[in-house]
1. From the list 101, 61, 41, pick out the single residue that is free of Cβ contacts under 8 Å to residues at least 60 places away in the same chain, on the phi < 0 side of the Ramachandran plot and in contact with a helix residue (DSSP H, G or I) (Cβ under 8 Å, 6 or more places away or on another chain).
2. Which of the residues spanning the stretch 114-146 are more than 24 Å from residue 215 (Cβ to Cβ) and touching a strand residue (DSSP E or B) at 6+ places or on another chain (Cβ under 8 Å)?
3. Would you be able to say whether some residue in the stretch 175-183 is over 15 Å from residue 30 (Cα atoms), free of Cβ contacts under 8 Å to residues at least 24 places away in the same chain, touching a strand residue (DSSP E or B) at 6+ places or on another chain (Cβ under 9 Å) and not in a helix (DSSP H, G or I)?
4. Would you please name the residue that is surrounded by the fewest Cβ atoms within 10 Å (Cβ to Cβ), looking only at residues in the stretch 14-49 that are within 13 Å of residue 235 (Cβ to Cβ) and within 15 Å of the chain's Cα centre (by Cα)?
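Since every read-out is calculated from the coordinates, none of them should be taken as a lab result. Since the structure is predicted, the reported quantities are computational estimates derived from the model, not experimental observations. FYI the Cβ positions are ideal-geometry reconstructions off the backbone, even for glycines, and counts take in every protein chain you see.
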C-alpha cells in the first residue's frame, strides 16, 4: 500500500491512539535499530533512551565484537537480529546499494548468511533471533529461498511486505533518518505523519502487522533522540498502545 502521510503534531498521534482504545483495540509498535557492531557510546546512549522499552538490534555479524555481550546482560528486553554479513555494497555501478544483488553467486551468498547466523547464535544464544535484516533493506528475491537453509525463519526490511513464502515477515515503516544530504532527522511532523498513516491503515485493516520504528544509533541526531523520548512517553502513557519485544514480533504464531 502507498501512504500519503500528513504533517501532524503530537495531538494527531494521541487522537489516533484514542480511536484504537475506543474500539477496544491495541496499537502494537516495535523498534529496530541497525548497524550495531560494538558497545559504543552511541549505542549506550540509545539504551539509556530506551530504558526498559523492548529493542531489536540489527548486528553486522562479521564485525560484531564481544563487547556487545555487556549490552545483552544489562538489557533483558533486547534481542539481536542478523544484519547481513559485512554490510558491504556489492551492487554494480548505477545500481542501488545492496550486499546481496542478483549478480552474486547463490552458493557464496548462502555461505555468508549461514556463517553470520552461526556467529550471532554463538555470541548471544537464544537472544539472537533467527531473523535476517538485509543491509539497505535490500535482498534480491532469488535469495529468499536460501534463508531457511541458513537457519533463518524470518525477514525484516522496510515498507510493504514482500510476501516471502515460508518466512515470517515483519518490516519497519517509519525511518527517522533522512538519507539524502547530511542524513539528519526527517523532522517531527513528517515522522508523526508516517506513524499515524500506518496506524490508521492498520486500524482500517488496510495494512497488517505491528508498526515498526527504524533508527540508526551510529548517526542518530539529538533531534531524533528528543523525538524518540517523547514518543516513548506518549505511547507508554496511552492505553491504546503497546510496544512489543522482538520475540513477540517474530513469533510464528503472531498476527501478520
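1. 61
2. 121, 144
3. Filtering the stretch 175-183 for residues over 15 Å from residue 30 (Cα atoms) gives 177-183.
Those still in the list that are free of Cβ contacts under 8 Å to residues at least 24 places away in the same chain too: 178-182.
In the following step, the residues that additionally are touching a strand residue (DSSP E or B) at 6+ places or on another chain (Cβ under 9 Å) were identified as 178.
Pick out the ones that are also not in a helix (DSSP H, G or I) and you get 178.
Checked against the condition, which is being over 15 Å from residue 30 (Cα atoms), free of Cβ contacts under 8 Å to residues at least 24 places away in the same chain, touching a strand residue (DSSP E or B) at 6+ places or on another chain (Cβ under 9 Å) and not in a helix (DSSP H, G or I), the stretch 175-183 yields at least one hit.
4. So the residue we want is 28.
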